[in-house]
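Report on the structure given below.
The values are calculated or read from the model by the stated rules, or taken from the named source; none is laboratory data. As the structure is a computational prediction, the values presented were derived from the model and not from experiment. Methodologically, a virtual Cβ is constructed for each residue, glycine included, from the backbone with ideal geometry; neighbour enumeration extends over all protein chains shown. Note: accessible area is taken over every heavy atom of the protein model, side chains too, but ligands, DNA and RNA are not part of it. Shrake-Rupley method; radii C 1.70, N 1.55, O 1.52, S 1.80 Å.
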Amino acid sequence: MTGTPTTPTLTLVHLYPREMNIYGDTGNVLVLRRRLQWRDLPVTVVPVSVGDPMPADADILLGGGGQDAAQGDIGADFVGRGAELRAMADDGVVMLAICGSFQMLGHEFVTHEGRRIEGVGVLDVVTHGQRERLIGNNWVDTAGELDAGRLVGYENHSGLTTLGSDARPLGRTQTGRGNNGRDRTEGAVRDNVIGTYLHGPVLAKSPRFADELLQRAYRRRGADVELAPLDDTLPLQAATVAAGRPR
Ligand code: GLN
């Protein structure tokens, strides 16, 4: 569907595009932007780096993964935005935080070397690093949490994440290790805030998830926008190849 004159322009905020962008996570921003453009729906992308102001009209915030060192580099700036990020989460802003950004939306990430990187407490999760990394493709069953169903991506992390009582898991890991390799939980959700370990970028192989994020953002703005179907043959094929077989 093409946008009507009342269709709001969605503002996508790309957090720390230089520091927090590994395993293709910037692709999540590109996927959302393109899925809007293909439908002639208006969109603005605003990169926010260390020291930059946060746009007041953010609809969707996207943060990628990073090395422990990169997380340390942006740490003070990120924690300085804590009150603002918590207010945005309370206000229903859609957030997709991958791996390192997911960890930092939680309370803390203690690296495997014992360095503490403070989080902002948007998500009730804590993360502790270990020497062994959890690496590989993963597919996650989000039944009951998302309409999108299966999410497919790639994980590579040393941090093991444990959910507190105020966070629900995004789903159950089927082929990978998920939050901690122990309880088969993957990611975390509260309101419109979603954290996950899935890189890849996850939205390129999970097109229904991409549209679900867009719909959540429109709903929050009170806009009734019907998303016209797109040809998702290629992303779904890629997802099937990457998903492998459940364990
Ligand atoms: N540095 C973090 C970890 O190893 C996050 C890694 C990532 O974003 N892929 O757990």
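Being buried (at least 16 other Cβ atoms within 10 Å of the Cβ) and under 30 Å from LEU234 (Cβ atoms) is the requirement here; does MET88 meet it?
Judged against the criteria, MET88 is not a match.
If you go through region 143-156 and keep only what is surrounded by fewer than 24 Cβ atoms within 10 Å (Cβ to Cβ) and within 16 Å of the ligand (Cβ to nearest atom), you end up with TYR154, ASN156.
The number of residues in region 29-58 that are under 25 Å from ARG81 (Cα atoms) and either within 16 Å of the ligand (Cβ to nearest atom) or not in a strand (DSSP E or B) (or both) comes to 14. Screening VAL122, VAL140 for residues that are touching a Lys or Arg at 6+ places or on another chain (Cβ under 6 Å) and surrounded by 16 or more Cβ atoms within 10 Å (Cβ to Cβ) leaves exactly one candidate, VAL122. Which of the residues that make up region 144-198 are in a strand (DSSP E or B), more than 18 Å from GLY106 (Cβ to Cβ) and charged (D, E, K, R)? Correct list: ARG150, ARG172.
Exactly one residue out of LEU160, LEU96 is open to solvent by less than 10 Å² (accessible area, probe 1.4 Å), of a type outside the set (Ser, Thr, Tyr) and within 16 Å of the ligand (Cβ to nearest atom): that is LEU96. What tally of residues in region 68-92 results from selecting those that are within 16 Å of the ligand (Cβ to nearest atom) and not hydrophobic (A, V, I, L, M, F, W, C)? Matching residues across region 68-92 total 5. Do we have any residue at all in region 59-67 that's part of a helix (DSSP H, G or I), within 16 Å of the ligand (Cβ to nearest atom), open to solvent by 30 Å² or more (accessible area, probe 1.4 Å) and in contact (Cβ under 8 Å) with a residue 40 or more places away in the chain? Checking region 59-67: not a single residue is part of a helix (DSSP H, G or I), within 16 Å of the ligand (Cβ to nearest atom), open to solvent by 30 Å² or more (accessible area, probe 1.4 Å) and in contact (Cβ under 8 Å) with a residue 40 or more places away in the chain. Being open to solvent by less than 20 Å² (accessible area, probe 1.4 Å), closer than 19 Å to MET20 by Cβ, of a type in the set (D, E, K, R) and within 16 Å of the ligand (Cβ to nearest atom) is not true of GLU108.
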